[in-house]
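Okay, structure first, notes after.
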Amino acid sequence: MTDTKTIHRITVIGTGVIGASWTALFLAKGLQVVATDVAPNAEGSLRKFVETAWPALKRLGLSPGASQSNLRFTPALPEAVAGADLVQENGPERVEFKRKLYGQLDELLPPDVIIASSSSGLTMSEIQSGAASHPERCVIAHPFNPPHLVPLVEIVGGAKTSEETILRATDFYTSIGKKPVRLNKEVPGHVANRLQAALGREVYHLVAEGVVSAADVDTALCWGPGLRWGIMGNMMLNHLGGGAGGIEHFFQQFTGPLTAWWKVLGSPVLTPEVQKKLADSVHAEVGSRTVEELEAERDDVLLGFLELRAKRPETAGRHRG
Ligand SMILES: NC(=O)c1ccc[n+]([C@@H]2O[C@H](COP(=O)([O-])OP(=O)(O)OC[C@H]3O[C@@H](n4cnc5c(N)ncnc54)[C@H](O)[C@@H]3O)[C@@H](O)[C@H]2O)c1
């Protein structure tokens, strides 16, 4: 099988929103991190982010050897990747940028070093065409923001990615407490963002049509399906929705209504007027609370939920018993 023990040194390329958060997580898991970025104040911002994230990571449990002092920063790419076991790439979301970067990385790195991209929307087939010699070690490992707190990582290879790379990457992310989901095919937006997009489309439609306010649609989600979705997903909940008859009975009961609703779901057009209507409704929901206050509230509840969730890690997803 695959050996993840050899992955102890990570190079993080691009230390913006996502790269900084990955860095904090890798350090909390006791790994050595060398980070690189071209922005003038990148090192200072990165170290500040890690320091700010550390109490939450401590609350969730630091791994043996975890230390902020295991972080090194260099603006020079060749120096940053020297001795890396895995590269987590978080550069700008532009295909021509990533292609060129993967060409450089392919030349700099031995063939057994995995190059994982955080890309939200690009496919690995597009990106890895830049890596002429060893495209098979390139893979998408798409996190959910912020990766140091939200466990999901979507793993998907391109046409030239090897099965071994996918398995090694999956083992690695599992070993640091992530919840990897493997996609068998490349699709724009991967899976989780497509799900968000599908739901968001109907949310915007309902608010734009005046069926419900932003506050009430958010309440409907948070205090209804959202609570359950944090425990089990759509499929397992449908199985429970069928009672003793399970998913088969659910389909018997709800195929008619569900398919009728699909026909009347909205397709909002986000014109400036519609955007203003949605934004006004959001501001009425937010009131005088600042973004910082809301972020702190979100993260506090999220940490409590993650702690609770850690006690029953297998409730949703693949049964391993
Ligand atoms: N923001 C999100 O919610 C989110 C979520 C999941 C995945 N992603 C993906 O993560 C990647 C990064 O997104 P982000 O939101 O962190 O963007 P960002 O703009 O915050 O960060 C990108 C960083 O790359 C740096 N950079 C630019 N050129 C570079 C170079 N040649 N070498 C090294 N660093 C360089 C920039 O200075 C910047 O700090 C994208 O591919 C994006 O799709 C973003």
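Derivation of every value follows stated rules applied to the coordinates shown; laboratory data play no part. If you're wondering where the values come from, they're calculated on a predicted model, not measured in any experiment. Here the Cβ positions follow ideal geometry from the backbone for every residue, glycine too, while neighbour counts run over all protein chains shown.
With r defined as the distance between the Cβ atoms of Arg309 and Ala39 and R0 fixed at 45 Å, what FRET efficiency is calculated, to the nearest 0.05?
Result of the calculation: an efficiency of 0.85.
Could you rank the peptides 264-271, 296-303, 168-175 by their average count of other C-beta atoms within 10 Å per residue, with the highest value first?
Top to bottom by mean Cβ count within 10 Å: 168-175, 296-303, 264-271.
So for the chain: antiparallel DSSP bridges make up what percent, rounded to the nearest 5?
Looking only at bridges with both residues in the chain, the antiparallel portion is about 20 percent.
Taking the simple approach of a point 7 Å from Cα along Cα-to-Cβ for both Val301 and Lys58, what is their distance in nm?
Taking the simple label geometry, Val301 and Lys58 are separated by 2.6 nm.
HN-Hα J couplings of the stretch 168-176 from phi, Karplus 6.51/-1.76/1.60, θ = phi - 60°, integer Hz, Gly and Pro as x?
These are the phi-based 3J(HN,Hα) values: 5, 5, 4, 4, 4, 5, 4, 5, 9 Hz.
Using Cα pairs closer than 8 Å and at least 6 residues apart in sequence, work out the relative contact order for the chain, in percent.
13 percent
So how much slack lies between Ser213 and Ser67, counting 0.36 nm per residue of separation and subtracting their Cα-Cα distance, in nm?
48.0 nm is the gain from fully extending Ser213 to Ser67.
Using a simple charge model, +1 on the beta-carbon of Lys and Arg, -1 on the beta-carbon of Asp and Glu, nothing else, what dipole does the chain show about its Cα centre, in debye to the nearest 20? Walk me through the intermediate numbers first.
Values: 32 positive and 35 negative charges, 124 e Å.
In debye, rounded to 20, the chain gives about 600.
How much FRET efficiency would the formula 1/(1 + (r/R0)^6) give for Val17 and Trp261, where r is the Cβ-Cβ distance and R0 is 41 Å, rounded to 0.05?
Efficiency at R0 = 41 Å is approximately 0.70.
Per the Kirkwood treatment, what hydrodynamic radius in Å, one decimal, follows for the chain from the mean inverse distance over all distinct Cα pairs? Intermediate values should be presented prior to the final figure.
Values: mean 1/r = 0.0461 Å⁻¹.
About 21.7 Å, per the Kirkwood formula over Cα pairs.
Round to the nearest 10 and give me the degree value, 0 to 90, for the angle of helix 17-28's Cα axis relative to the longest principal axis of the chain.
70 degrees
Starting from 0.36 nm per residue, how many nanometres of slack lie between Val95 and Glu126 once their C-alpha separation is accounted for? Before the final figure, lay out each step's value.
Values: separation 31, 0.36 × 31 = 11.16 nm, distance 0.71 nm.
Result for the pair: 10.4 nm of gain on full extension.
Count the lysine pairs in the stretch 9-183 whose Cα atoms sit under 28 Å apart, keeping only pairs 8 or more residues apart in sequence or on different chains.
17
Sticking with the crude label model, points 7 Å out along Cα→Cβ, report the distance from Phe254 to Lys160 in nm, one decimal please.
With each label placed 7 Å out from Cα toward Cβ, I get 4.4 nm.
Please give the FRET efficiency for Arg228 paired with Thr74, using the beta carbon to beta carbon distance and R0 = 45 Å, rounded to the nearest 0.05.
On the way: r = 46 Å, r/R0 = 1.02.
Computed FRET efficiency for Arg228 and Thr74: 0.45.
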